[in-house]
Amino acid sequence: MPLAPQDRRRPVRPSVALAATGALALALGACSAAPAGGGSGSADPAASSTAGATAGPTPSTTYPLTLDDCGFQVTFDAAPERVVTIKSSTTEMLLALGLGDRIVASAFLDGPVPDSLTDAAASVPAVAKPMSDQVPGAEAVLETEPDLVYAGWESNLTADGAGDRDTLAQLGVATYVSPSACKAPEYMPDPLTFDDVFAEITEVGEIFDVPDAAADLVADQRSTLDGVERDDRGLTALWYSSGDDIPYVGAGIGAPQMIMDAVGLENVAGDVEDTWTSYAWEEAIAADPDVIVLVDAAWNTADAKIERLESNPATAEMTAVREGRYLRVPFPASEAGVRNVDAVVDLAAQLEALDL
């Protein structure tokens, strides 16, 4: 049974030690589902993003530490030392907290790290050379002898992916999914707020027993966010993530909405109760947004999206397309994580520079 929200941590018996190689193959063949959970992992959306960090040093972590993560109970008997990170958001979280030396393998990175983390990443071979550009298989993950797999999406942790959570736990490998990516209604932030993002920073700091580093990072990000001046012109925007015949866009409760709110843009797909959604071009053309936010990914660049918009006679007539009113955001900054605040700062500057 998952822990209730008010009792997220309690001592439990230590995790099972890592099995021998022969047992691994047998265990990996089994597929067991993670238990469903109850309680909300979302911070109060009305809470102010300007709440100050606690004064003075924060308490060290008491182990064993048990967390209810997306409805799955995960126990840490000590701070993880050997971590496999899946997705840019998790890799960059550890780098930002000064925990790059704990990463023994990274995978499914969505793009290069930001300039602010270049030096930190350069000293981590596992980040400089990821083990895979997709979700790694369970055998490849276990070969690195991790004590934690830190995943950006719940779907990364399946029997067909990096390993399902129950099986990995039986092998002594803890798993942690970014809470902002939880999909069960009782755990998915609705809507996602910067308090949710900061809560993950704090929780990861607790898992690794680096509370002061986490508190400093949160305080710095809050201060930066507070310094952003929201655009007050009432401009509308389409967050164009991917897709050709049917665009995939930022909807009303995820990171795109959170970022646009902070910048001062009204999301034309904001009434869709989801993080991202399929959105017909007819709807986008009818909405005729003032600006279009283009997600820049190696596999689907912002330039390719512009070419698509401008070469289609229907979308070419949209005001934002005719006037070239494009804003760009790197893919890794479009998912909940330590780059969201920088995305707000960058988009605000781009928006101010547009000739409107």
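Can you name the residue in the range 84-125 that is polar (S, T, N, Q) and open to solvent by less than 20 Å² (accessible area, probe 1.4 Å) and, of all such residues, is nearest to the chain's Cα centre (by Cα)?
S89
Starting from the range 150-178, keep only residues that are touching a residue at least 12 places away in the same chain (Cβ under 8 Å), then list their pairs with residues that are of a type in the set (K, R) and open to solvent by 40 Å² or more (accessible area, probe 1.4 Å) whose Cβ atoms are within a distance under 7 Å, requiring at least 6 positions of separation or different chains.
Partner pairs satisfying both residue conditions: E154/K183.
Please count how many residues of the range 249-268 are in contact with a Phe, Trp or Tyr (Cβ under 6 Å, 6 or more places away or on another chain) and surrounded by fewer than 24 Cβ atoms within 10 Å (Cβ to Cβ).
Of the residues in that region, 1 qualify.
May I ask you to list the residues in the range 234-275 that are in a helix (DSSP H, G or I) and without any contact (Cβ under 8 Å) to a residue 24 or more places away in the chain?
D261, the sole residue that qualifies.
May I ask you to verify whether T167 is touching a helix residue (DSSP H, G or I) at 6+ places or on another chain (Cβ under 7 Å), among the β-branched types (V, I, T) and farther than 18 Å from Q73 by Cα?
no
Report yes if P146 is over 20 Å from A214 (Cα atoms), out of contact with any Gly (no Cβ under 8 Å at 6 or more places or on another chain), assigned to a loop (DSSP other than H, G, I, E, B) and open to solvent by 40 Å² or more (accessible area, probe 1.4 Å), otherwise no.
Judged against the criteria, P146 is not a match.
Of the conditions (1) part of a loop (DSSP other than H, G, I, E, B); (2) of a type outside the set (A, V, I, L, M, F, W, C); (3) open to solvent by 10 Å² or more (accessible area, probe 1.4 Å), P80 clears all except one; give me its number.
(3)
Can you name the residue in the range 218-233 that is open to solvent by 30 Å² or more (accessible area, probe 1.4 Å) and part of a helix (DSSP H, G or I) and, of all such residues, is nearest to G264 (Cα to Cα)?
It comes out as D226.
Which residue is surrounded by the fewest Cβ atoms within 10 Å (Cβ to Cβ), if the candidates are limited to the range 299-356 and must be part of a loop (DSSP other than H, G, I, E, B), among the aliphatic types (A, V, I, L, M) and modelled with pLDDT of 95 or more?
It comes out as A314.
The values are calculated or read from the model by the stated rules, or taken from the named source; none is laboratory data. Here the structure is a predicted model, which is why all the values come from computation and not from measurement. As a convention, Cβ positions derive from the backbone with ideal geometry for all residues, glycine included, and neighbour counts pool all protein chains shown. Keep in mind that these areas ignore ligands, DNA and RNA; they rest on the heavy atoms of the full protein, side chains included. Shrake-Rupley method; radii C 1.70, N 1.55, O 1.52, S 1.80 Å.
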